[in-house]
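Rule-based calculations on the coordinates, nothing more; no lab input. Everything numeric here is computed off the predicted structure, so don't read it as measured data. Cβ sites come from the backbone with ideal geometry, for glycine too, and all protein chains shown count toward neighbours.
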Amino acid sequence: MRRVRPIGVAVASTMLLLLTACGGDTDDSDGGADQSAEEATVTEDAVETDAAPEEAVEEAETPPGASAEQGIVIVDGTEYSITELRNCEPLDDGVFERELELQGLGEADGERVQIDVYLQQANGVDLHEVSWSGPEGVFGGPENPNITLDAAGTSVRGVATLVDGMTQTETVQVDFDLAVPAETIACR
């Protein structure tokens, strides 16, 4: 996203207004020609000054409110960028022992996309889950997707075949590689 610095535009606009006001003099003497040359020089300087902040904005880091890519999800060959990740405080309901509850959010063509990844056990048995919500629909429900949390706990990767939540007849293949935020937050 490109942000225009209002200060540079304001300075250039003020300079042009001042020059226009000064240039309203009807004196046709050589001083008028010198003044026109000065106006051109000052105007060029104002344009150069204004261009520098815009270039700096383009090279600046991601502005507040926008997130850089923190992960990738590929659904049946279509790649989605995940720009927000939430490492949720694992639910402690007495049935599941959750090691990881991760929510990944992004946007595709103005539509929100979301992946949820759960690393969990019940009575010592792995019951990991993945769910996806995007342009393809809402999918989930694999009993044992292939999920790997790295040794440092900073990223999770996996692949799963998910079933359509509405009809239970269609499936999608989901591959993902996501960062895991260090801090957990309350998601409920």
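Of the residues making up region 161-188, just one is small (G, A, S), surrounded by 15 or more Cβ atoms within 10 Å (Cβ to Cβ) and assigned to a loop (DSSP other than H, G, I, E, B), namely G165. Within region 146-158, not a single residue is of a type in the set (S, T, N, Q), closer than 11 Å to V73 by Cβ and under 24 Å from the mean Cα position of the chain (by Cα). For region 87-143, which positions are part of a strand (DSSP E or B), over 18 Å from the mean Cα position of the chain (by Cα), surrounded by fewer than 16 Cβ atoms within 10 Å (Cβ to Cβ) and among the aliphatic types (A, V, I, L, M)? Those that are part of a strand (DSSP E or B), over 18 Å from the mean Cα position of the chain (by Cα), surrounded by fewer than 16 Cβ atoms within 10 Å (Cβ to Cβ) and among the aliphatic types (A, V, I, L, M): A122, V125, V138. Exactly one residue out of V125, V163, V159 is out of contact with any helix residue (DSSP H, G or I) (no Cβ under 8 Å at 6 or more places or on another chain) and touching a residue at least 24 places away in the same chain (Cβ under 8 Å), and it is V163.
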